[in-house]
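The values are calculated or read from the model by the stated rules, or taken from the named source; none is laboratory data. Everything numeric here is computed off the predicted structure, so don't read it as measured data. Reconstructed Cβ throughout: ideal geometry from the backbone, glycine too, with neighbour counts over all protein chains shown. These accessible areas exclude ligands, DNA and RNA; they are computed on the full protein's heavy atoms, side chains included. Shrake-Rupley method; radii C 1.70, N 1.55, O 1.52, S 1.80 Å.
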Amino acid sequence: MASPAQHSTAVEDTTARDTNGDKAHRLGELREFLRSRRARVTPAEAGLPDGGARRRTPGLRREEVAVLAGVGVSWYQWLEQGRDITVSPQVLDSVARVLRLSSAERRHLYVLAGLNPPALEVDPAHQDMCEGLTRLIDAWMPFPAHIMDRYWNTVLYNDAASAVLGMRPGIVQNCMIAFFTDPVYRARSTHWEEIAPQVVAQFRAACSESPEDEGFRAVVAEARELSPEFAALWDRRDVVPGGQVRKELHHPLVGALSVESTQLRVPARPDLVIVLHTPLPDTGTEAKLQWLDSPEGRRGSMYPVPG
């Protein structure tokens, strides 16, 4: 029978093997990823002569990647072979540039190389997603839905968000500032004081993703100037990840509404946040929202969507 010391050593050895196995898998993936990315870049795309018949493959050679990236040929060869070598973000960025990696591929390269990935960026290929996101929030009708940018500036909102939440052109188009300054939303939110700390804590969590971003600082500065209540809550420095907030509202036409606000992120558009409001069951909210979206409800709405 093994002694406790022998058992402990065996566990440590197993853990080491598991760690080494994970690293070997990661480095193997790095090797295959770099080879596949190098093979798809033509010399012409890299600004090099094609090499004519001497070139057996259409992609770049390892030494060409090394020269274009400004790194040693041996070092790049070791990197692509999946050897356990030290890498820096600056060098990986140079390799990513030469291999014409997308934002997602660049992050993937960092992970495979054992580094913390950079922040998500919007790939130019996904800049036109707003058309599809507009269809998404319109399809969410008759429930409120809107889209914010990273600073919580309003980008899009559907008709229900206008009718229920009071979103409209005549207010500050920032959801954080409007939460504290819009008298319509303030009057409709029956538990405003209870959810305000959570809303501010979620905004601080969003700020923490980009602590050097002046855009967040500008929103905070404006909110502090306009609302002493925001300033007091901000100084508490509470942090809560964006998720769900239960909202109890009182609409002048249909009375009490109970909804759950959920924040969603789209990896391809990390600069946007989708906020969907779902009626809570057994509250009668769904039927009331459906009525507000009916012709009769739209005629009686306090803030119809501008034509």
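Gain on full extension, evaluated as 0.36 nm per residue between residue 246 and residue 35 minus their Cα-Cα distance, stands at 71.0 nm. Highest GNM mean-square fluctuation among 21, 114, 82, for the chain modelled with Cα contacts below 10 Å: 21.
Long hydrophobic helices in the chain: the complete DSSP H runs spanning 15 Å or more by Cα along their own axis with mean Kyte-Doolittle hydropathy of at least -0.5 are 192-208, 214-226.
Give the calculated FRET efficiency between residue 263 and residue 74 to the nearest 0.05, with a Förster radius of 41 Å applied to their Cβ-Cβ distance.
Once rounded, the FRET efficiency stands at 0.30.
Per-residue SASA remark: residue 37, around 50 Å² accessible (1.4 Å probe; ligands, DNA and RNA not included). Computed over the stretch 221-267, the P(r) tail beyond 16 angstrom holds 64 percent of alpha carbon pairs.
Only DSSP H runs of four or more residues enter the estimate; each adds -39500 (n - 2.57), and after division by the residues of the chain the mean residue ellipticity at 222 nm equals -15000 deg cm²/dmol.
Of all the accessible heavy-atom surface of the chain, with the other protein chains kept in place and a 1.4 Å probe, what percent is carbon and sulfur? Answer for the chain is 54 percent, counting heavy atoms of protein chains only. Each label point was placed 7 Å from the Cα along the Cα-to-Cβ direction; for residue 190 and residue 210 their separation is 3.8 nm. Highest GNM mean-square fluctuation among 23, 247, 288, for the chain modelled with Cα contacts below 10 Å: 23.
Shown is the FRET efficiency for residue 287 and residue 83, computed with R0 = 41 Å from the Cβ-Cβ distance and rounded to the nearest 0.05: 0.05. Can you give the Rg/Rh ratio of the stretch 126-285, where Rg is from the C-alpha atoms and Rh is the Kirkwood radius? Ratio of gyration radius to Kirkwood radius for the stretch 126-285: 0.94. Springs join every pair of Cα atoms under 10 Å in this Gaussian network model of the chain, and among 262, 283, 134 the largest mean-square fluctuation is at 283. A 1.4 Å probe run over the chain, with the rest of the protein chains in place, finds 54 Å² accessible per residue.
Stretching the chain fully between residue 226 and residue 19 yields a gain of 69.2 nm (0.36 nm per residue, less the alpha carbon separation). Extent of the stretch 236-307 along its three principal axes (Cα atoms, max minus min coordinate, largest first): 41, 30, 25 Å.
Over all pairs of different C-alpha atoms, the chain has a mean inverse distance whose reciprocal, the Kirkwood radius, equals 23.6 Å.
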